[in-house]
Amino acid sequence: METSEKITASKTMLITGGGGYLGCRLGCTLQKMGLKVILFDIHRPLMELPDTVSFIKGDICNYLEVETAFSNVDCVFHLASYGMSGREQLNIKLIEDVNLKGTDNVIKACVRNGVPRLLYTSTYNVVFGGQVIKNGDESLPYLPLHLHPDHYSRTKSLAEMKVLHANCTKHKKGSGVLRTCALRPAGIYGPGEQRHLPRIVNYVENGLFKFVYGAADCLVEFVHVDNLVSAQVLASEALTGRKNYIAAGQAYFISDGKPVNNFEFFKPLVEGLGYKYPTIRLPLSLIYYFAFLTEIVHCFVGRIYNFQPFLTRTEVYKTGVTHYFSIQKARKDLGYDPQEHSLKEIVEWFKTRGHGRKLSMYNIRRFMWDVVFLMLLVIVIMSWLPVVSA
């Protein structure tokens, strides 16, 4: 990475949520740059880490654990969050605790321990709630809190505000200040990603990927994990005096810079694993209604059977409504230059782990799920039609 020699090779870089996919990739990158790295998370990383990367098991909702871990730290990358997708979006209490209380603890610990830099990993959702946005930029206002369709987006918006408001807060000890910034990444992808891609592949392999929805010209964005790691490193440097603290108090949209239709983006993955890409296109309103019904069912039976919803309302918006943003500010201030990536490496990653079409089992599963899908589709359409006519 070109920026490796520019980073201040001083104390310690700590990553909250360091046990996750992005946290581990970022930690390994920082370690290769000669920096001491601590991963702070409630769960141990799944991947094997270099001996020089430390892991501290801790909960950001527990202030004492956070304050202890943040001692003698030069920069905190605050990645930890909860409720991004699937059934996690429906766990309101845990979302509030992690995203809000946890962020309060991180800011407080930074100020008390004299941490000079704090980078917050936010989301596009702080300005997006289902409305069409084309080439938006950082001048867009926050989406009013009551318009957020899910608690994750609302709490991430509040947490980002807290972090940026904390910029230039004086340390409790000494004469220094805390400088902060926020990165707003698009959907993350890359080999080994554990949240979205396995869920998609699971749907495909179980015969559930039978249709696409929304307009064919709907555009969204993604960011390869290596590009996002690069943005994190660059933003870390841009919070130092060497870069005149140019990123202090700022937010930046981060993506590959290539808007694309959500389903077209995943087409190489589906076909690369030997499956047929669906040709049926359903109305966005129908899928949103189905997601709404699914959330209602989960609300009543989730405590007994915490099933994984096929889609949530927020996921329908994020995949079926056009919203993409300019990365010009990140290019200008940070020197961010996203590199091109394809899904070929991801296809190979899944294949080496036994994924891919297996004809005999696939034909049986396809028949079974075809029957189930047709029955559900008929039920949903029949319940949806009166709403549309009204």
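Numbers below:
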{"read-out": "Count of residues meeting criterion [touching a Leu at 6+ places or on another chain (Cβ under 7 Å) and among the hydroxyl-bearing types (Ser, Thr, Tyr)] in segment 121-134", "value": "2"}
{"read-out": "Matching residues, segment 82-98, being crowded, with 23+ Cβ neighbours inside 10 Å and either modelled with pLDDT of 95 or more or farther than 30 Å from residue 259 by Cα (or both)", "value": "98"}
{"read-out": "Segment 134-146, residues that are more than 23 Å from residue 291 (Cα to Cα) and either touching a Gly at 6+ places or on another chain (Cβ under 7 Å) or in a loop (DSSP other than H, G, I, E, B) (or both)", "value": "137, 138, 139, 140, 141, 142"}
{"read-out": "Segment 240-253, subset of a type in the set (S, T, N, Q) and in a loop (DSSP other than H, G, I, E, B), residue surrounded by the fewest Cβ atoms within 10 Å (Cβ to Cβ)", "value": "244"}
{"read-out": "Helices (runs of 4 or more DSSP H) contained entirely in segment 268-368, each with at least 1 residues that are out of contact with any Lys or Arg (no Cβ under 6 Å at 6 or more places or on another chain), of a type in the set (Val, Ile, Thr) and in contact (Cβ under 8 Å) with a residue 24 or more places away in the chain", "value": "284-301, 313-320, 344-351"}
{"read-out": "Within segment 336-355, considering residues that are more than 15 Å from residue 226 (Cα to Cα) and either surrounded by 16 or more Cβ atoms within 10 Å (Cβ to Cβ) or aromatic (Phe, Trp, Tyr) (or both), the one modelled with the lowest pLDDT", "value": "355"}
{"read-out": "Number of the condition not met by residue 182 [criteria: (1) part of a strand (DSSP E or B); (2) more than 23 Å from residue 327 (Cβ to Cβ); (3) out of contact with any Pro (no Cβ under 8 Å at 6 or more places or on another chain); (4) of a type outside the set (Val, Ile, Thr)]", "value": "(2)"}
{"read-out": "Residue within segment 147-155 that is part of a loop (DSSP other than H, G, I, E, B) and more than 21 Å from residue 93 (Cβ to Cβ) present", "value": "no"}
{"read-out": "Of all residues making up segment 45-60, the number that are modelled with pLDDT of 85 or more, of a type outside the set (Val, Ile, Thr) and part of a loop (DSSP other than H, G, I, E, B)", "value": "3"}
{"read-out": "Complete set of residues in segment 30-43 that are touching a residue at least 24 places away in the same chain (Cβ under 8 Å) and either within 19 Å of the chain's Cα centre (by Cα) or in a strand (DSSP E or B) (or both)", "value": "36, 37, 38, 39, 40, 41, 43"}
{"read-out": "Only listed residue being more than 15 Å from residue 251 (Cβ to Cβ) and of a type in the set (Lys, Arg), chosen from 199, 179, 184", "value": "199"}
{"read-out": "Subset of segment 192-218 (residues that are under 21 Å from residue 134 (Cα atoms) and buried (at least 20 other Cβ atoms within 10 Å of the Cβ))", "value": "213, 214, 218"}
{"read-out": "Failed criterion for residue 256 (all others in (1) under 26 Å from residue 153 (Cα atoms); (2) touching a Pro at 6+ places or on another chain (Cβ under 9 Å); (3) in a helix (DSSP H, G or I); (4) touching a residue at least 60 places away in the same chain (Cβ under 8 Å) hold)", "value": "(3)"}
{"read-out": "Tally of residues being more than 15 Å from residue 120 (Cα to Cα), aliphatic (A, V, I, L, M) and assigned to a helix (DSSP H, G or I) across segment 61-104", "value": "7"}
{"read-out": "Filter result (farther than 13 Å from residue 159 by Cβ, surrounded by 17 or more Cβ atoms within 10 Å (Cβ to Cβ) and of a type outside the set (A, V, I, L, M)) within segment 109-120", "value": "110, 113, 114, 116, 117"}
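Here's the yes/no breakdown for (1) modelled with pLDDT under 95; (2) hydroxyl-bearing (Ser, Thr, Tyr); (3) crowded, with 19+ Cβ neighbours inside 10 Å:
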{"residue": "122", "(1), (2), (3)": "no, yes, yes"}
{"residue": "126", "(1), (2), (3)": "no, no, yes"}
{"residue": "129", "(1), (2), (3)": "yes, no, yes"}
{"residue": "137", "(1), (2), (3)": "no, no, no"}
{"residue": "166", "(1), (2), (3)": "no, no, yes"}
{"residue": "181", "(1), (2), (3)": "no, no, yes"}
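The values are calculated or read from the model by the stated rules, or taken from the named source; none is laboratory data. Everything numeric here is computed off the predicted structure, so don't read it as measured data. Reconstructed Cβ throughout: ideal geometry from the backbone, glycine too, with neighbour counts over all protein chains shown.
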